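The values are calculated or read from the model by the stated rules, or taken from the named source; none is laboratory data. Here the structure is a predicted model, which is why all the values come from computation and not from measurement. Here the Cβ positions follow ideal geometry from the backbone for every residue, glycine too, while neighbour counts run over all protein chains shown. Accessible surface is based on the protein model in full, side chains and every heavy atom, while ligands, DNA and RNA are left aside. Shrake-Rupley method; radii C 1.70, N 1.55, O 1.52, S 1.80 Å.
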Amino acid sequence: MNDLINIIKQHTLKPRNDKMLHFSQHLMHNRHTCLYWWFGYPGIVSEPWMNVLPLLQGNAIHAEVHKIMEEAFDIDYISEISMFPEDEDFSYPWTGTTDAIIKSPDGSWLIDYKTISGTGVTFLQDPRPEHIAQVSCYYHFNGWDWEPDKVGILYLPVSADYKRRWHEPQLFEVKPLGKDALIQHIQSVEADISIYASTRILPPWPEGEYKWKQNKRNKEYELHYKPHYSSMFCPWRYQGDDDPCGCSQQRPMLIGKVDYDMNVIDGEKETVLAYVDQIQETVA
């Protein structure tokens with residue numbers, strides 16, 4: 001049984017290369033989507049346990065919540081509903097799986113479950129944009145002959161936050177994005193896939209965050225750049241010199257500085273001044 005740990009890791013990390021585009025994965029990072037479509041995701045030989053456990057937790061929690069809800073009284077509960085929108089004007093095959101439909105005396109809900117770290121809950125003011133887009137696609141492209149009364153995203157914390165506090169789950173009712181806007185967005189994703197096929201030019205990775213920090217000792221403000229969080233989970237991050245994406249190679253960096261009179265004292269002047277108006281909003 002020496003390979004027990006490796007078996008668990010490899011099974012959990014096995015990439016889903018089914019030649020389908022998924023509403024849960026391929027709406028918000030066109031660069032990753034292009035590479036996935038043409039080459040598939042690479043197999044990950046090894047990951048630290050800290051990166052494997054959240055996947056195991058997510059699968060187990062979904063299964064247990066389904067079991068609990070299926071046994072609940074006065075509730076009609078349908079889980080794991082797959083959809084393949086064939087009536088839309090899409091160039092590539094899309095699919096998705098709704099976590100659950102709940103029908104009760106109070107109305108019907110389309111529900112998606114998301115496990116989240118305790119620290120993530122601390123900074124969760126609204127549902128994440130990628131999750132809203134995902135459930136909006138489930139709402140519009142399901143092929144059902146009826147519409148749920150409400151759409152919701154349930155965030156389920158799986159750890160304490162940085163202050164060792166445990167947060168309660170949070171249920172957000174979501175207004176689905178407009179169908180026409182979703183179709184336009186999906187078609188833009190598909191356009192990038194097709195452009196890459198003919199030009200080998202990849203779309204840019206999602207832009208990170210620019211944030212000001214105050215340096216009271218030097219009486220100045222510092223503009224820092226933090227890469228988009230998705231760069232930490234790039235499927236090609238272990239490919240080394242053969243990494244076709246490169247987004248994981250980004251690093252946080254100091255962009256520039258201004259004094260208290262907003263004079264640029266370090267960095268490329270035009271870039272720094274472009275973000276000066278955000279100092280009062282983002283300084284920490």
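Do you know which residues across segment 133-157 are in a loop (DSSP other than H, G, I, E, B) and open to solvent by 40 Å² or more (accessible area, probe 1.4 Å)?
Gly143, Trp144, Asp145, Trp146, Glu147, Asp149
For segment 1-50, give me each residue that is of a type in the set (Phe, Trp, Tyr), in a helix (DSSP H, G or I) and open to solvent by less than 60 Å² (accessible area, probe 1.4 Å).
Within segment 1-50, Tyr36, Trp37 meet the criteria.
When residues of segment 64-92 are filtered for being within 30 Å of Ile193 (Cα to Cα) and either assigned to a strand (DSSP E or B) or open to solvent by 50 Å² or more (accessible area, probe 1.4 Å) (or both), how many remain?
9
Just checking, how many residues over segment 93-125 are assigned to a helix (DSSP H, G or I) and either closer than 27 Å to Lys19 by Cβ or touching a residue at least 40 places away in the same chain (Cβ under 8 Å) (or both)?
Here the count works out to 4.
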